[in-house]
Amino acid sequence: MSEARMILPRTGIGLDVHAYASDDLPRPLWLGGLFWEGERGLAGHSDGDPVAHAAADALFSAAGVGDLGTHFGTDRPEFAGASGITLLAEAAKIVRAAGFEIGNVAVQFVATRPKFGPRREESQRVLSEAAGAPVSVTATTSDGLGFTGRGEGISAVATALVYPR
């Protein structure tokens with residue numbers, strides 16, 4: 001008689017923060033896997049998408065396989081300017097190669113702009129396709145407090161649930 005082994009899920013947390021790019025070095029805004037026409041972009045080694053980056057970091061955390069810097073750090077020139085969607089898809093591959101399946105990822109970002117609600121479904125679809133699992137995104141403001149409230153940048157925090165295969 002064989003014993004059934006209980007499969008315990010693992011959770012992880014990811015955090016990513018980017019300042020807005022300077023006026024003398026403008027960049028496009030990529031947020032939640034989407035290009036935001038007419039919005040000031042974020043500074044960063046890759047595309048600066050804090051939503052996609054936090055999602056990837058949460059996956060790494062849940063699987064116990066390092067973090068965003070471990071896999072895509074600034075010491076890796078091949079990731080300069082890389083799409084957050086590409087990084088999230090690669091993170092999902094790394095997590096699956098480590099023996100895990102992805103249950104879901106939830107991300108919340110804090111910013112004064114852009115207005116996210118009208119494009120939420122589009123963002124969730126793009127991120128979910130990249131991760132190969134459901135990704136939900138919510139947005140909030142910090143009511144004028146801190147660097148996000150002063151309009152200096154965007155922060156995002158994510159949670160991920162993975163389980164061993």
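The values are calculated or read from the model by the stated rules, or taken from the named source; none is laboratory data. Computed from a predicted model, the values in this text were never measured in an experiment. Glycine gets a Cβ as well: all are built from the backbone with ideal geometry, and neighbour counts include every protein chain shown. Ligands, DNA and RNA are stripped out before the accessible areas are found, and what is left, the full protein with its side chains, is counted by its heavy atoms. Shrake-Rupley method; radii C 1.70, N 1.55, O 1.52, S 1.80 Å.
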Query raised in the report: Can you find a residue in the range 25-47 that is in contact with a helix residue (DSSP H, G or I) (Cβ under 6 Å, 6 or more places away or on another chain), modelled with pLDDT of 95 or more and of a type in the set (S, T, N, Q)?
Result: no
Residue hits (the range 1-29; in a loop (DSSP other than H, G, I, E, B), among the aliphatic types (A, V, I, L, M) and surrounded by 16 or more Cβ atoms within 10 Å (Cβ to Cβ)) are ALA21
Only one of GLU101, GLU78 is without any contact (Cβ under 8 Å) to a residue 40 or more places away in the chain and either more than 14 Å from ALA156 (Cβ to Cβ) or open to solvent by less than 20 Å² (accessible area, probe 1.4 Å) (or both), namely GLU78
Within the range 139-154, residues under 15 Å from ALA106 (Cβ atoms) and either at pLDDT below 95 or surrounded by 14 or more Cβ atoms within 10 Å (Cβ to Cβ) (or both) come out as ALA139
Scanning the range 115-138 for residues that are within 18 Å of ILE94 (Cβ to Cβ) and open to solvent by 40 Å² or more (accessible area, probe 1.4 Å) gives GLU129, GLY132
Checking GLY32, GLY66, GLY44, GLY48 in turn, the sole residue that is of a type outside the set (A, V, I, L, M), touching a residue at least 12 places away in the same chain (Cβ under 8 Å) and open to solvent by 10 Å² or more (accessible area, probe 1.4 Å) turns out to be GLY44
- Does SER83 satisfy being surrounded by 16 or more Cβ atoms within 10 Å (Cβ to Cβ) and without any contact (Cβ under 8 Å) to a residue 12 or more places away in the chain? no
